[in-house]
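Below is one structure; the comments refer to it alone.
Values quoted throughout were computed directly from the atomic coordinates according to the rules given, and no laboratory measurement underlies them. In this text, all values refer to a predicted model and were calculated from it rather than measured experimentally. With ideal geometry, Cβ positions are generated from the backbone for all residues, glycine too; neighbour counts draw on all protein chains shown.
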Amino acid sequence: MSEGAAKKEEKPRKFQAIRGTRDLLPPETALWNRVEQIAHEVFATFGFGEIRLPIVEQTELFRRSVGIDTDIVSKEMFTFPENFREQLDLRRDYLAMRARELRNQLPAKDAMKSFISFTSDFLDLAHSTFSRGQIPQTAENKDSLDQIHSRILSWEPKVKQKEFQCTEQDWLLFLSDIVMLANRLEIGGLISLRPEATASVCRAYIEHGMQQLPQPVKLYYMGPMFRRERPQKGRYRQFYQIGAEVLDHVRPAETILGEVDKELRRDAVIDAEVIEMLMTFFGKCGLQGTTVYINSIGHNAPNCRRGYVEKLRAELTRIKDKLGPDSQRRIDANPLRVLDSKLESEQPYIERLPRIADHLCDECKAHYAAVKRELDQRDVKYQENWRLVRGLDYYMRTTFEIIAPGLGSQNAVCGGGRYDGLVELLGGRPTKGIGFAIGEDRLILSLQEVDKRSSDTGVQSPLATHQSPPLYIAWMGERAYATALGAAKTLRNAGFRVELPPVEQKFGTALGRAVQLRAKYALILGDNEVTSGEWTLKTLADGTQRKVSEQQLIAELKKM
Ligand code: AMP
């Protein structure tokens with residue numbers, strides 16, 4: 001290899017962010033912080049408190065809440081085995097392999113002893129993880145562990161006897177029992193990066209006994225979510241959501257007897273307030289041109305959504321040959337999802353399908369009407385969209401989605417809905433819930449579009465001033481350096497952004513650098529300024545200068 005080629009090989013490898021993830025850099029991060037700050041402020045005014053959640057949860061939580069048939073759970077989660085699971089899996093596989101090897105004939109006593117001792121190690125590990133609750137503490141798991149234990153207890157003394165005898169049949173039975181019992185053990189121990197946060201909020205609500213708090217409990221969160229989707233503009237594998245949830249216990253039927261209307265109203269008000277809060281937030285961010293779509297998907301009962309789904313399925317079956325393969329597959333599994341289809345050729349047929357609004361039960365109809373009334377009263381503009389559905393049983397009544405401009409095909413900036421059955425599904429008491437998740441990446445993209453357009457039209461966007469320009473201190477000489485340090489400290493304490501060059505520069509270089517950094521003012525400190533106590537403040541845009549004393553400086557800057 002030539003010297004040049006060797007040098008080339010030695011070059012350290014460069015790393016890149018992995019597919020679908022990205023770095024958010026300044027100055028854009030200032031916009032992210034501003035948006036998050038607005039969320040904190042607006043949500044607080046509606047009585048919401050922030051919840052910070054873990055980024056990993058047990059995979060089972062998402063399987064149950066998001067649903068095993070969804071794309072998110074079946075294809076898109078980043079899932080890892082916990083350490084104990086890998087250990088148990090490895091040992092279980094080894095047990096099965098040794099059992100296969102020892103099946104052919106009655107093995108030597110030592111081989112038997114070593115198999116039994118290995119089984120005993122496996123049992124010890126399984127037992128300790130079981131007692132720590134790492135593997136599910138179910139009756140079936142306890143029974144498997146007890147049975148393995150009793151097999152070991154009966155075989156251990158046998159193989160220790162000098163005059164040991166057993167039949168091949170007994171030995172084979174022992175081997176197959178151990179393998180069968182070990183395989184029957186449900187180990188769990190898979191964890192996933194969260195693909196969304198509603199499930200975690202419900203888990204936390206149950207885990208921390210929040211049902212004891214005054215209801216409803218109003219929580220919001222923000223942070224990264226992870227889905228292994230095909231990356232494109234506005235769609236990432238690590239993306240950020242800002243979301244809120246309202247959880248409200250279900251009062252026992254006897255206490256609301258005769259107050260059904262009041263209950264319906266309470267739910268409708270909560271739904272409308274959540275949407276109002278969302279639009280207040282978007283308004284404060286300066287997001288323009290949004291459309292709010294709403295719908296009611298009723299509830300999972302024969303006289304309501306279930307009846308509708310049957311009608312829909314029958315109709316879809318009738319027109320099956322007009323549909324694409326995806327929709328054809330969904331007819332049986334989840335016909336509501338056909339309504340999500342974007343396939344051009346299907347649209348005329350979908351438009352003629354039966355609509356859920358004509359099949360809602362009286363209560364769901366009343367609830368939907370009340371939500372719309374409440375939105376009108378709050379001056380929230382919306383459009384009804386009968387095709388806005390959610391495919392899971394626990395979703396009910398209100399669903400909504402918000403579309404923003406400048407996002408291309410990924411134009412949904414927020415999705416939300418009511419999910420009254422979810423907390424119960426996760427082992428909590430009957431609890432009603434509604435929430436939304438804003439795609440923060442898409443919100444920022446859309447705001448940047450608005451920003452671009454407003455700079456074309458000269459209209460100032462509310463986010464345009466998200467970072468104030470720095471003040472540059474051009475100092476010359478060691479005496480001036482000491483003064484500059486003091487000035488920087490005072491100005492920073494007063495909240496000004498200050499750039500203090502680390503080494504002395506020529507006057508022209510310093511001003512050039514100040515312009516590069518988009519500073520508005522330069523504070524010039526040389527020997528003269530230090531001696532006289534009159535500092536020079538230069539406005540970079542027009543080159544004008546004025547003298548200010550140290551005492552006047554902050555007041556002057558604030559005025560300007
Ligand atoms: P969902 O939890 O699927 O209802 O999504 C709520 C919102 O999160 C959507 O309306 C999007 O704005 C955003 N979102 C969902 N998936 C992604 C993704 N892969 N990349 C960026 N934003 C996303």
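Separation of the stretch 320-358 and the stretch 178-247 by C-alpha centroid, Å?
Value for the Cα centre distance between the two parts: 30 Å.
What translational diffusion coefficient, in µm²/s and rounded to a whole number, does the Stokes-Einstein relation yield for the stretch 96-213 at 4 °C and a viscosity of 1.567 mPa s, taking the hydrodynamic radius as the Kirkwood radius over Cα pairs?
The calculation lands on 77 µm²/s.
Just from the alpha-carbon atoms, what are the Rg and Dmax of the stretch 287-364 in angstroms?
Cα-based Rg and Dmax for the stretch 287-364 come out at 13.8, 43 Å.
Would you work out the charge dipole size for the chain about its Cα centre, treating the Cβ of every Lys and Arg as +1 and the Cβ of every Asp and Glu as -1, and quote it to the nearest 20 debye?
Values: 81 positive and 77 negative charges, 224 e Å.
Using only the charged Cβ atoms, the result is roughly 1080 debye.
Name the cysteines of the chain that stand alone by the Cβ rule: no other cysteine Cβ under 4.7 angstrom.
Within the chain, the cysteines lacking a partner Cβ under 4.7 Å are C166, C202, C285, C364, C414.
If you project the alpha carbons of the chain onto their three principal axes, what span does each projection cover, largest first, in Å?
108, 74, 56
Please report the spacing between the Cα centers of the stretch 80-136 and the stretch 274-295 in Å, no decimals.
Taking the Cα centre of the stretch 274-295 as reference, the centre of the stretch 80-136 is 57 Å away.
Taking the Cα centre as origin and putting +1 on Lys and Arg beta-carbons and -1 on Asp and Glu beta-carbons, what dipole magnitude results for the stretch 233-292, to the nearest 20 debye?
About 620 debye.
What angle do you read, to the nearest 10 degrees and between 0 and 90, between the alpha-carbon axis of helix 139-160 and the longest principal axis of the chain?
Approximately 60 degrees, to the nearest ten.
Taking the Cα centre of the stretch 314-360 as origin, work out the dipole magnitude from +1 charges on Lys and Arg Cβ and -1 charges on Asp and Glu Cβ, in debye rounded to 20.
Rounded to the nearest 20 debye, it is 80 debye.
List every residue whose amide H lies under 5 Å from the amide H of T138, counting only residues 5 or more places away in sequence or on a different chain, with H placed 1.01 Å from N in the peptide plane.
none
Considering only DSSP beta bridges with both partners in the chain, what is the antiparallel share in %, to the nearest 5?
DSSP beta bridges in the chain are roughly 85 percent antiparallel.
Taking 0.36 nm per intervening residue step and subtracting the Cα-Cα distance, what contour gain separates Q410 from R132 on full extension?
Contour length minus Cα-Cα distance gives 95.7 nm.
Which residue, chosen from M222, A253, F164, occupies the Cα position most advanced towards the positive end of the dipole of the stretch 161-253, where the dipole is computed from +1 (Lys, Arg) and -1 (Asp, Glu) charges on Cβ about the Cα centre?
About the Cα centre, the residue reaching furthest to the positive side is M222.
From zero outward in steps of 5 Å, how is the percent of C-alpha pairs of the stretch 1-93 spread across the bins?
2, 8, 8, 9, 12, 15, 14, 9, 7, 7, 4, 2, 1, 0, 0
How many angstrom separate the Cα center of the stretch 141-171 from the Cα center of the stretch 36-63?
Going from one Cα centre to the other spans 53 Å.
Quick check on the stretch 135-182: what are the equivalent-ellipsoid semi-axes from the Cα gyration tensor, as sqrt(5λ), descending, whole Å?
Here the semi-axes work out to 25, 12, 6 Å.
Which listed residue (L491, G289, T509) has the Cα farthest towards the positive end of the charge dipole for the chain, taking +1 on Lys and Arg C-beta and -1 on Asp and Glu C-beta about the Cα centre?
T509
Along its three principal axes, how long is the stretch 179-219 when you only count alpha carbons? Whole Å, largest extent first please.
Extents along the principal axes: 51, 24, 10 Å.
Checking the cross-link filter: which lysines have an alpha carbon closer than 20 Å to that of K160, excluding same-chain neighbours under 8 positions apart?
Partners found: K109, K113.
Which of M97, M476 comes first, and how do the rest follow, when ranked by fewest Cβ neighbours within 10 Å? Write out the running numbers ahead of the final one.
Details: M97 11, M476 20.
Arranged by neighbour count, lowest to highest, M97, M476 become M97, M476.
Send over the Kirkwood Rh of the stretch 302-460, from the inverse of the averaged 1/r over different Cα pairs, rounded to one decimal Å.
Taking every pair of different Cα atoms in the stretch 302-460, averaging 1/r and inverting gives 18.1 Å.
Please determine, in degrees from 0 to 90 and to the nearest 10, the orientation of helix 168-184 with respect to the longest principal axis defined by the Cα atoms of the chain, where the helix direction is its Cα long axis.
Helix 168-184 sits at roughly 30 degrees to that axis.
Angle between the Cα long axis of helix 305-318 and the longest principal axis of the chain, 0 to 90 degrees, nearest 10?
Between the helix axis and the principal axis of the chain, the angle is about 80 degrees.
Report D for the stretch 462-560 in µm² per second (integer): Stokes-Einstein, Kirkwood Rh on Cα pairs, 10 °C, 1.306 mPa s.
The diffusion coefficient I find is 117 µm²/s.
Which of rounded, prolate or oblate describes the stretch 226-367 when judged by the alpha-carbon gyration tensor and an a/c cut-off of 1.5? Could you put the intermediate results ahead of the total?
On the way: a/c = 2.12, a/b = 1.13, b/c = 1.88.
Oblate, since a/c reaches 1.5 and b/c is not below a/b.
Let me know the longest stretch in the chain that avoids all GluC sites (Glu not before Pro) found in a DSSP loop with at most 13 other C-beta atoms within 10 Å. Before the final figure, lay out the partial values.
Details: sites that count: E163, E186, E259.
Of all site-free stretches, the longest is 260-560.
Mind ranking 510-519, 539-548 by how tightly packed they are, going by the mean number of other C-beta atoms within 10 angstrom, highest first?
510-519, 539-548
So between R251 and S532, what do we pick up on full extension, going 0.36 nm a residue minus the alpha carbon distance? Mind showing how you got there, number by number?
Working: separation 281, 0.36 × 281 = 101.16 nm, distance 7.63 nm.
Full extension of this stretch gives 93.5 nm more.
For the stretch 9-164, what is the per residue volume of the convex hull drawn over the alpha-carbon atoms, in cubic angstrom?
With only Cα atoms used, the stretch 9-164 gives 257 Å³ per residue.
Counting other Cβ atoms within 10 Å, keep those with at most 14, restrict to DSSP loop, and tell me which trypsin sites (Lys or Arg not before Pro) in the stretch 132-225 are left.
R132, K162
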